[in-house]
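Okay, so here's the structure we're looking at.
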Amino acid sequence: MALLPILTAPDPRLKKKSKPVETVDDSIRQLMADMLSTMYAAPGIGLAAPQVGVLKRVIVIDAAREGDPSRPLKLANPEIVWASDDDNAYEEGCLSVPEHYAEVVRPRAVKVRYLDETGAERLIEAEGLLATCLQHEIDHLDGILFLDHLSALKRTMILRKLLKEKKAAERGEGTDTEKSADSTQHTL
Ligand code: K1U
Ligand code: ZN
């Protein structure tokens, strides 16, 4: 089990389109296992391969409610084959956009076709948080961040802040955000 470093925005690799998995082999199974460990350690409820610098169409998710048994999902080449007409708004976060949260509107329910870790084709029907998470992670495979669903103004504000924090970290400095005790979580 390896914990993989998670890329943060703005990083050009997060804006690239990932390539389909040709065969679900041991290297893909190892990637899925390492991504799950990384996701649980973060902690998060989903993770897409480009977030760990691997431009392959692989995602992992565990959107089980607190107190329920864990339900790890490992998906290669996930594809939305149906989406509901009605929408759901959810306050989303992203491990690649740390400490920023914003409401995103997406279809309430989806059906997703994918290959499981044995390479078998499967279909998952999801609604609520799992549907939101599937759509968020599949967006990552197409170089789309939840920020891209927000207004240009909100997106620019968050990206500027992240860039400022990155540059300060590179210089070994703290940022205004780190120095302020009450501003570790930003909701737009
Ligand atoms: O893709 C990612 O960066 C992971 C992201 C998934 C996600 C969250 C919310 C809505 C849609 C997709 C996260 O896991 S952010 C962290 C998070 O939501 C969380 C962390 C700890 C406990 C519960 C949730
Ligand atoms: Zn994300």
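The values are calculated or read from the model by the stated rules, or taken from the named source; none is laboratory data. Predicted model, so just to flag it, every value in this text is computed and none were measured. No Cβ is skipped: glycine too gets one built from the backbone with ideal geometry, and neighbour counts run over all protein chains shown. Please note that ligands, DNA and RNA were not included when accessible areas were found on the heavy atoms of the full protein model with its side chains. Shrake-Rupley method; radii C 1.70, N 1.55, O 1.52, S 1.80 Å.
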Counting sequence-distant residues (5 or more places) and residues on other chains, those with an amide H built under 5 Å from that of K56 are K19
Where does each of 55-64, 80-89, 111-120 land if you order them by average Cβ count within 10 Å, highest first?
55-64, 111-120, 80-89
Counting only protein heavy atoms with a 1.4 Å probe and every protein chain in place, the carbon and sulfur fraction of the accessible surface of the chain in whole percent equals 50 percent
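Report the charge-dipole magnitude of the chain in Debye, nearest 20, computed about the Cα centre from +1 at each Lys and Arg Cβ and -1 at each Asp and Glu Cβ. Show your work: numbers first, answer last.
Numbers: 25 positive and 31 negative charges, 144 e Å.
Dipole of the chain, to the nearest 20 debye: 700 debye.
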Okay, which of segment 40-62 sit inside 18 Å, backbone N to the point 7 Å along the Cα-Cβ direction of E91?
43-46
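How much mean residue ellipticity at 222 nm does the chain get from its helices, if each DSSP H run of length 4 or more adds -39500 (n - 2.57) and you divide by all residues, to the nearest 500 deg cm²/dmol? Walk me through the numbers before you get to the answer.
Values: 4 runs with 53 residues, N = 188.
When only DSSP H runs of four or more count, the value is -9000 deg cm²/dmol.
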Accessible surface, segment 1-143, averaged per residue in Å² (probe 1.4 Å)
50 Å²
Between T118 and S70, what is 0.36 nm times their sequence separation minus the Cα-Cα distance? Round to one decimal in nm.
15.3 nm
How high is the FRET efficiency from K15 to E125, r the C-beta distance, R0 22 Å, rounded to 0.05?
0.15
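For the chain, count all C-alpha to C-alpha pairs, find those more than 28 Å apart, and express that count as a whole percent of the total. Walk me through the intermediate numbers first.
Numbers: 4289 of 17578 pairs.
Above the 28 Å cut-off, the chain has 24 percent of its Cα pairs.
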Roughly how many Å is it from the Cα centre of segment 27-70 to that of segment 147-167, as a whole number?
24 Å
